[in-house]
Structures are given as C-alpha cells and as structure tokens.
1. Using 0.36 nm per residue, how much length does the chain from residue 62 to residue 185 gain when fully extended, once their Cα-Cα distance is taken away?
2. Need the list of aspartates and glutamates near residue 7 for cross-linking: C-alpha distance under 20 angstrom, and skip anything on the same chain fewer than eight residues off.
3. When a/c is below 1.5 the answer is rounded, else prolate if a/b is larger than b/c, else oblate, so apply that to segment 121-191 with a ≥ b ≥ c taken from the square roots of the Cα gyration tensor eigenvalues.
4. Assuming 0.36 nm per residue, please report the length gained on full extension of the stretch residue 14 to residue 54 beyond their Cα-Cα distance.
5. So if I take the alpha carbon set of segment 1-152, get Rg, then get Rh from the Kirkwood formula, what is the Rg over Rh ratio?
6. Give me the lysines in straight-line cross-link reach of residue 137: C-alpha distance below 17 Å, same-chain residues under 8 apart excluded.
7. Rounded, prolate or oblate, given the Cα gyration tensor of segment 17-90, with a/c below 1.5 counting as rounded?
8. Run the dipole for segment 10-77 about the Cα centre, Lys and Arg Cβ at +1, Asp and Glu Cβ at -1, nothing else charged, and hand back the magnitude in debye, nearest 20.
Amino acid sequence: MAFELPKLAYDYGALEPHVDALTMEIHHTKHHAAYTTNLNNALAGGEWENKKIEEILTSVSKLPVAVRNNGGGFYNHNLFWEIMSPTGGGQPSGDLAAAVNRYFGSFEKFKETFSSAAMTRFGSGWAWLIKSGQELKVVSTPNQDNPLMDIADVKGTPILGLDVWEHAYYLKYQNRRNDYVAAFWNVINWDEVGRKFEGLPAVR
Ligand code: MN3
C-alpha cells in the first residue's frame with residue numbers, strides 16, 4: 001500500500017485569518033502531495049515499501065536521503081494538519097496541562113520556549129513539542145527532519161509541530177515569521193495534541 005495524501009478535516013479557508021486559504025491549498029495540494037509522491041517513488045520495489053512511516057523514520061539513517069526528506073515531509077505535514085483546527089486556540093487541559101506545567105513551569109513559559117524554537121530555527125525546518133519517555137521537551141529540526149528519526153539530536157514522539165518553512169507563511173506574512181508564529185496559537189487543536197500525548201490515534 002502506497003502512502004496517500006490525507007484529506008483535511010476542514011476547508012482551506014477555515015483557519016483564516018491566522019493561516020490563509022491560498023497558503024493552505026498550495027501547502028496541501030502541492031507541497032504535501034509532492035512529499036507523498038516522492039516518498040512512494042523512493043520506496044517503490046524496495047524492502048521498506050510496505051512498512052509503517054514511523055518504522056521508516058526511526059531507521060532513516062540506513063535509507064536514501066530522498067526517504068529522509070520526503071518521508072519526513074509526509075509525516076510532518078500529516079501531523080501539522082491534525083494539530084490545527086478552526087475551533088483551536090486556548091490551552092491544553094487534563095494530563096497534558098499538568099505535564100506542561102511540570103516541565104516548563106507554566107503554559108506561558110512553554111509558549112515562550114516553543115515560539116523561540118520556531119523563531120531561531122535558521123532557514124527551513126520545524127519546531128516541536130515532543131514526548132521523550134514521560135518527559136516533555138521543545139526542540140527544533142532542520143528541513144523535513146523530525147525527532148522520530150534516528151539521526152535527530154534529541155529523540156522523542158512529536159505531539160505538536162510548527163512548520164517554519166517560508167512556504168508555510170510567506171504569502172500572508174512575507175518575512176514576518178514572528179507574526180505567523182504568534183498567529184499559530186489561535187489554531188492549535190489542544191484536544192488532538194492531548195490525544196497524541198496519551199498515545200491515542202488522531203480523530204479525523
Ligand atoms: Mn510545509
């Protein structure tokens with residue numbers, strides 16, 4: 001079974017004004033679609049062809065660089081669409097809120113740490129909130145790498161991710177990555193982040 005571009009749970013314009021419709025449409029139908037196609041092409045006919053994406057990423061050092069780039073791009077964008085919602089924003093609740101307070105001191109301190117990771121990632125990449133054992137950590141990775149990969153400096157399971165490639169924000173925000181990062185907090189689907197924290201599958 002080849003990997004498939006997932007459908008979004010909301011319309012391209014649903015995250016307006018925080019993320020604009022044209023950016024969403026190009027991001028999904030062009031960028032994410034290309035990572036998906038290129039991943040399938042890179043795996044076609046090989047021993048990794050029918051493996052789970054998580055299994056591929058945790059062994060990615062053994063695979064061609066096209067798998068690292070496109071497998072990361074496929075996985076990262078799947079997560080990105082899931083952790084945003086037109087009814088997002090606010091703060092986490094329950095066990096996730098308790099863990100955020102425990103590992104960062106407060107939601108506000110977590111927000112500062114995550115925003116700083118997104119702002120200081122030079123060039124293209126991602127900021128992440130990961131579960132590393134029972135611990136929560138904020139990290140960032142270059143290009144389409146992610147913390148599941150065996151080549152990552154800090155490893156863990158991503159539960160929240162922010163795409164800081166220019167293709168994610170340039171049409172609306174141009175060079176103002178800080179405005180894009182600030183707007184992201186209005187669309188975070190904390191229920192979904194909470195499910196990922198608990199190790200539950202995404203609700204689609
Ligand atoms: Mn992207």
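1. Full-extension gain reported as 40.7 nm.
2. 16, 20, 25, 54, 82, 163, 191, 192
3. oblate
4. 11.5 nm
5. Answer for segment 1-152: 0.98.
6. Qualifying lysines at Cα under 17 Å: 109, 111, 155, 196.
7. Prolate, since a/c reaches 1.5 and a/b exceeds b/c.
8. Computed charge dipole of segment 10-77: roughly 340 debye.
Throughout, read-outs are computed from the coordinates displayed, never taken from laboratory work. Every value quoted in this text rests on a predicted model; they were computed, and no experiment measured them. FYI the Cβ positions are ideal-geometry reconstructions off the backbone, even for glycines, and counts take in every protein chain you see.
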